[in-house]
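These notes are about the structure you will find just below.
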Amino acid sequence: MDSTLLALVLGLVIGAGIATMIALAWRARMSARAQASVDLPEGLTDVLGAMDDAACAVDSSGLVIAASSAASRLGIDLGATLENAELRQLVRAVRQGGSESSTFRLTQGGHSLSPRLVAARASWIGPRLSLLIIRDVTEQERLDQMRTDFVANTSHELKTPVGAVGLLAEAIESAADDPAQVRAFATRIQAEAARLGQLTGRIMSLSRLQSSDGLGEFDAVAIDEVVTASVEAHAVQAASAGVELTRGGDRGAWVRGDAQILIEAVGNLIANAIVYSPRGSRVGIGVRSEGGIVEISVADQGIGIGEADRDRIFERFYRADEARSRRTGGTGLGLSIVKHATQRHGGEVRLWSRPGRGSTFTMRLPEIAGPDVDDDAAARKKKKDKKEKKDRKRAARMAAATPTTTAANVRTDSGELV
């Protein structure tokens, strides 16, 4: 009996030992297989396929096992090894677990990819796998730099006329006994004040064009009226500069937009053409309607624009000829307003130029069918009524600000002036 019980206990111990050894061997085998496995977690491929950013799963050797469609734009291809040293270093840093982030300029094969500024993050997802997510922040960097430059340039441009006005005021005080000097300084103050007003006005126009809610509803706009108003507004400037303005091309074209913004944009092109044209030359304003597109072109016979300046000519405060712009009081915002005004109307601006032969700026806008005569008359009446209402409100505000009541600003019960 005792020997039987002892044999049973011994058998149980031996069986448990064998089972334990089998379990340990199986666990070791599974662990080794997991360590060597490069199988992707379930659903990772679908996630990568839906991502807009560049992302990929790589093994311990840097081989790309899976990748999003955007990864190829940064030189990351499925089945290839990561070529960028910074990305390989980031993957190595997470082999033992965790995640790491880094921001750097992405290069490929030692050559710049534009270059691209990227924010990369590597995360451990398995013993031999890492997930790499790369976000291209080049455009964000460019916008931040533009914002910084805009503030710096605006401060610089405003400082010049403001400083000039202060110095001229001191000069007037010193020359109080000399009427001729006072008049001369006062004239210069008026010129600086006008320059300051022009600069602030254009900054406000540009800010309104760039804001998401800066524009109201668009209406049908006759290009003939836009061109006529722009030419008439710069006739005196052209005559003073000895430059002839000529108009030609198609008539009767219509676009949908804001007439005042388009007049300002075309006017900026005409003003620039006059400034950069020699005396006795000609500035042409032409309109062409074809294929659903209206082209408004302003061509001059001036100094032209060099190759190096063409890519930057539409930047805020950029001047191709700094000395000439200073002499003529240019703000460096005119062409930037033209670009943004055209884009807000669904169009684009094109430039042709040759140094010494002149330049041609072309605004391309989507064309619409012109309104009927009755609709046109109704639109004119609506515009007139709107202007009259605006004038009445302005007069009312001026009357309210006047401390004394006269026969010219007595209000009726309805609030209208009589």
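Quick rundown of the values:
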{"quantity": "Accessible heavy-atom area order of W124, W254, highest first, probe of 1.4 Å", "calculated": "W124, W254"}
{"quantity": "Exposure rank, largest accessible area first [D52, D59, D224, D219; 1.4 Å]", "calculated": "D52, D219, D224, D59"}
{"quantity": "Amide H contacts under 5 Å for I293, placed H, 5+ residues apart", "calculated": "E367"}
{"quantity": "Built amide H within the under 5 Å cut-off of I125, gap 5+", "calculated": "S130, L131"}
{"quantity": "Gain upon complete extension [A180, S61; 0.36 nm per residue less C-alpha separation]", "calculated": "34.4 nm"}
{"quantity": "Potential extension, S102-A169 segment - 0.36 nm per residue separation minus Cα distance", "calculated": "18.7 nm"}
{"quantity": "Theoretical gain in end-to-end length, D224 to A239 [0.36 nm per residue, Cα-Cα removed]", "calculated": "3.2 nm"}
{"quantity": "Nearest-0.05 FRET efficiency for R95 and T4, computed from C-beta distance (R0 56 Å)", "calculated": "0.50"}
{"quantity": "Heavy atoms of H345: accessible area, 1.4 Å probe, square angstrom to 10", "calculated": "20"}
{"quantity": "Debye intensity ratio in log₁₀ form over the Cα atoms of segment 237-287, taken at each q of 0.16, 0.19 Å⁻¹", "calculated": "-0.53, -0.70"}
{"quantity": "Under-5 Å amide H pairs with V137, H placed in peptide plane, nonlocal only", "calculated": "L117, V118, A119"}
{"quantity": "FRET E, pair L40, I14, Förster distance 56 Å, beta-carbon r, rounded to 0.05", "calculated": "0.85"}
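The values are calculated or read from the model by the stated rules, or taken from the named source; none is laboratory data. Owing to the predicted nature of the structure, the values given are computational and were not obtained by experimental measurement. Please note: Cβ atoms are built from the backbone with ideal geometry, for glycine as well, and neighbour counts cover all protein chains shown. What goes into the accessible areas is simple: the full protein's heavy atoms, side chains included, and nothing from ligands, DNA or RNA. Shrake-Rupley method; radii C 1.70, N 1.55, O 1.52, S 1.80 Å.
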